[in-house]
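Asker: One structure follows; several queries about it will come next.
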Amino acid sequence: MISGLALELLHRLVDRFIKRGELTIVDAKGRARRHGSGSPHVAIHLADPSLYGRILTNPELAVGEAYMDGALTVTEGDLRDFLQLFHQNKANLRKRPLRRGLASLVKKFRRFQQANPVGRARTNVAHHYDISNDFYRLFLDEDLAYSCAYFEHDGQTLEAAQQAKYRHIAAKLRIEPGMRVLDIGCGWGGMAMYLAERLGAHVVGVTLSTEQRDLAQARARERGLCDRVEFRLLDYRQLTEKFDRIVSIGMFEHVGAPHYAEFFRKLNDLLEENGVALIHSIGKRGEPGVTGPWIRKYIFPGGYSPSLSEPVAAIEKSGLWIADIEILRLHYADTLREWGRRFAANRAEAARMFDERFCRMWEFYLATAEFAFRSGGHMNFQIQLVKDVGAAPIRRDYMALAERDLR
């Protein structure tokens, strides 16, 4: 009786939720009910009656967990169709009075959700990045760039688009041979080694991932760069040196809103007076919010993709100048689509490394992330920062010229 009531309430919720596209829900007894109309058309089967109440009360968490556990299966269309349908209607779900009230309550606790002091930051990073270097090789490009690529034209390969991102960022940094560069959140070292090889920089890369640090060091040795590139297992807050340039790609998402002021004050402290910094991060359109419960629990504990107003407000208090802002909209959607394609091609190997539930978790993550960028309001931003108002040219054409010279 309770599950029957929960199912009926769930159907009513979905009726209000689905305004674009069509979703058919097949319950545990095989009964089908259609909601909405149009494309995409998707059908899902809910094998466990307990799902009705769980999805009703916390849909974002419960749907992801049910897919991981195999209790929710997509029987018409595929997972990407289902998540496209979800993201193109997501705003309707969050408009409901109960959901708005819950979201407002959750926001009050986000300081605790996003608290990333040094010890916890390292634990959160290890959760995602220290699972296996070989696993990431299954779907990343050859240089292991785990961030948004920059597609210069349709049909460009992922490898070429990641190199294009390096050029795009390097052009904004205006690096000269011998400059000391800090790479905060250096990953497996691709950007740091590019700046050393192509521009003659001396680069210090810091990461909190042991696996990333170890592999980055090995790659630097293989490429004969140990005299120009150094990788440290270190929190950026523990640095005391000065640098001519600072770059950070895909790390700011792990800082957490409570630490934004601290982050930009530290950048100011680390940057030489005529220095330039470039922050490349995921962000989102709209007002500040919170990280979805499924992503927070399974993928990026402590992570958060900010509204642009949040880092800008912190920068205003740091003493730094914002010299340039660029918004990259669909580039990450295309990056994630390619990661998802490569993951699917190597899924059997991922299952051998881990298990079926892990594979379903990563399928869900890569697909839901793609549609967060394609239709859910997410984007990437690049913010160029300077200490001195004249540290960067006052016209933007220098970026295109420098980028051309790096081809």
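The values are calculated or read from the model by the stated rules, or taken from the named source; none is laboratory data. All figures in this text were calculated on a predicted structure; none of them were measured in a lab. In this analysis, Cβ positions are derived from the backbone assuming ideal geometry, glycine residues included, and neighbour counts consider all displayed protein chains.
Asker: Is it true that residue 279 is under 16 Å from residue 259 (Cα atoms) and in contact with a Ser or Thr (Cβ under 9 Å, 6 or more places away or on another chain)?
Answerer: Yes: the conditions hold for residue 279.
Asker: Next question, about the same structure. Go through region 353-390 and report how many residues are of a type outside the set (Asp, Glu) and over 28 Å from residue 329 (Cβ atoms).
Answerer: From region 353-390, those of a type outside the set (Asp, Glu) are 353-354, 357-362, 364-369, 371-387, 389-390; that's our starting set.
From what's left, over 28 Å from residue 329 (Cβ atoms): 353-354, 357-360, 387, 389-390.
Number satisfying all stated conditions: 9.
Asker: Mind checking which residues of region 17-57 are assigned to a helix (DSSP H, G or I) and in contact with a strand residue (DSSP E or B) (Cβ under 9 Å, 6 or more places away or on another chain)?
Answerer: Once the filter is applied, which keeps residues that are assigned to a helix (DSSP H, G or I) and in contact with a strand residue (DSSP E or B) (Cβ under 9 Å, 6 or more places away or on another chain), region 17-57 yields 17, 51, 52, 55.
Asker: Scan region 270-284 and report the pairs whose first residue is without any contact (Cβ under 8 Å) to a residue 12 or more places away in the chain and whose second residue is of a type in the set (S, T, N, Q), with Cβ atoms within less than 6 Å and a gap of 6+ or a chain change.
Answerer: none
Asker: May I pose another question? Would you confirm whether or not region 58-71 contains a residue that is without any contact (Cβ under 8 Å) to a residue 60 or more places away in the chain, out of contact with any Gly (no Cβ under 8 Å at 6 or more places or on another chain) and outside any helix (DSSP H, G or I)?
Answerer: So the first thing to find is which residues in region 58-71 are without any contact (Cβ under 8 Å) to a residue 60 or more places away in the chain, and the list is 59, 62, 66, 71.
Of the ones still in play, those that are also out of contact with any Gly (no Cβ under 8 Å at 6 or more places or on another chain) are 59, 62, 66, 71.
Of the ones still in play, those that are also outside any helix (DSSP H, G or I) are 71.
Looking for residues that are without any contact (Cβ under 8 Å) to a residue 60 or more places away in the chain, out of contact with any Gly (no Cβ under 8 Å at 6 or more places or on another chain) and outside any helix (DSSP H, G or I), one finds at least one in region 58-71, hence yes.
Asker: Would you confirm whether any residue within region 328-344 is surrounded by fewer than 21 Cβ atoms within 10 Å (Cβ to Cβ), at pLDDT below 95 and part of a helix (DSSP H, G or I)?
Answerer: no
Asker: Go through 348, 313 for me and flag whichever is farther than 20 Å from residue 291 by Cβ and of a type in the set (A, V, I, L, M, F, W, C). Step through it out loud before you land on a result.
Answerer: Details: 313 fails: farther than 20 Å from residue 291 by Cβ.
The unique qualifying residue is 348.
Asker: Further question on the same structure: Please work out if residue 196 is part of a helix (DSSP H, G or I) and modelled with pLDDT of 95 or more.
Answerer: yes
Asker: Let me ask another. Would you confirm whether any residue within region 136-159 is under 23 Å from residue 361 (Cβ atoms), surrounded by fewer than 20 Cβ atoms within 10 Å (Cβ to Cβ), charged (D, E, K, R) and at pLDDT below 95?
Answerer: The answer is no, given that none of the residues of region 136-159 is under 23 Å from residue 361 (Cβ atoms), surrounded by fewer than 20 Cβ atoms within 10 Å (Cβ to Cβ), charged (D, E, K, R) and at pLDDT below 95.
Asker: Under 7 Å by Cβ, and 6 or more places apart or on different chains, what pairs join a residue from region 298-325 that is on the phi < 0 side of the Ramachandran plot with one that is among the small types (Gly, Ala, Ser) and not in a helix (DSSP H, G or I)?
Answerer: Final answer for the pair search is 304/256; 305/283; 306/283; 307/283; 307/286; 308/283; 323/392.
Asker: How many residues does region 1-22 contain that are β-branched (Val, Ile, Thr) and more than 23 Å from residue 39 (Cβ to Cβ)?
Answerer: In the first step, residues of region 1-22 are kept if they are β-branched (Val, Ile, Thr); the result is 2, 14, 18.
Applying the additional criterion that residues be more than 23 Å from residue 39 (Cβ to Cβ) yields 2.
So the count comes out to 1.
Asker: Another question, then. Filter region 290-312 for residues that are among the small types (Gly, Ala, Ser) and surrounded by 17 or more Cβ atoms within 10 Å (Cβ to Cβ); which is nearest to residue 114 (Cα to Cα)?
Answerer: 302
Asker: While we're here: Out of curiosity, is residue 106 modelled with pLDDT of 90 or more and either assigned by TED's automatic domain parsing to the domain that holds residue 304 or farther than 20 Å from residue 374 by Cα (or both)?
Answerer: Considered against the rule, which asks whether it is modelled with pLDDT of 90 or more and either assigned by TED's automatic domain parsing to the domain that holds residue 304 or farther than 20 Å from residue 374 by Cα (or both), residue 106 comes out as no.
Asker: Could you count how many residues in region 17-46 are without any contact (Cβ under 8 Å) to a residue 24 or more places away in the chain and among the polar types (S, T, N, Q)?
Answerer: 2
Asker: On the given criteria, is residue 239 touching a helix residue (DSSP H, G or I) at 6+ places or on another chain (Cβ under 8 Å) and either under 17 Å from residue 277 (Cβ atoms) or at pLDDT 95 or above (or both)?
Answerer: Against the criterion (touching a helix residue (DSSP H, G or I) at 6+ places or on another chain (Cβ under 8 Å) and either under 17 Å from residue 277 (Cβ atoms) or at pLDDT 95 or above (or both)), residue 239 qualifies.
Asker: Give the residues of region 241-293 that are closer than 20 Å to residue 308 by Cβ, part of a strand (DSSP E or B) and not hydrophobic (A, V, I, L, M, F, W, C), sorted by residue number.
Answerer: The answer is 248, 280, 281, 283, 284.
Asker: Ok, one more. Across region 175-187, what is the total count of residues that are crowded, with 19+ Cβ neighbours inside 10 Å and over 17 Å from residue 281 (Cα atoms)?
Answerer: Within region 175-187, the first condition is being crowded, with 19+ Cβ neighbours inside 10 Å, and the residues that meet it are 175, 179, 181-187.
So of that shortlist, the ones also over 17 Å from residue 281 (Cα atoms) come out as 175, 179, 181.
Summing the residues that are crowded, with 19+ Cβ neighbours inside 10 Å and over 17 Å from residue 281 (Cα atoms) in region 175-187 gives 3.
Asker: Could you check how many residues of region 179-225 are touching a strand residue (DSSP E or B) at 6+ places or on another chain (Cβ under 6 Å), without any contact (Cβ under 8 Å) to a residue 40 or more places away in the chain and at positive phi?
Answerer: Residues flagged as touching a strand residue (DSSP E or B) at 6+ places or on another chain (Cβ under 6 Å), without any contact (Cβ under 8 Å) to a residue 40 or more places away in the chain and at positive phi within region 179-225 amount to 0.
Asker: What single numbered condition from (1) within 23 Å of residue 376 (Cα to Cα); (2) out of contact with any Gly (no Cβ under 6 Å at 6 or more places or on another chain); (3) at pLDDT below 95; (4) not small (Gly, Ala, Ser) fails to hold for residue 9?
Answerer: Against the list (1) within 23 Å of residue 376 (Cα to Cα); (2) out of contact with any Gly (no Cβ under 6 Å at 6 or more places or on another chain); (3) at pLDDT below 95; (4) not small (Gly, Ala, Ser), residue 9 comes up short only on (1).
Asker: Scanning region 375-407 for residues that are β-branched (Val, Ile, Thr) and outside any loop (DSSP other than H, G, I, E, B), which turns out surrounded by the fewest Cβ atoms within 10 Å (Cβ to Cβ)?
Answerer: Across region 375-407, the extreme among qualifying residues is 386.
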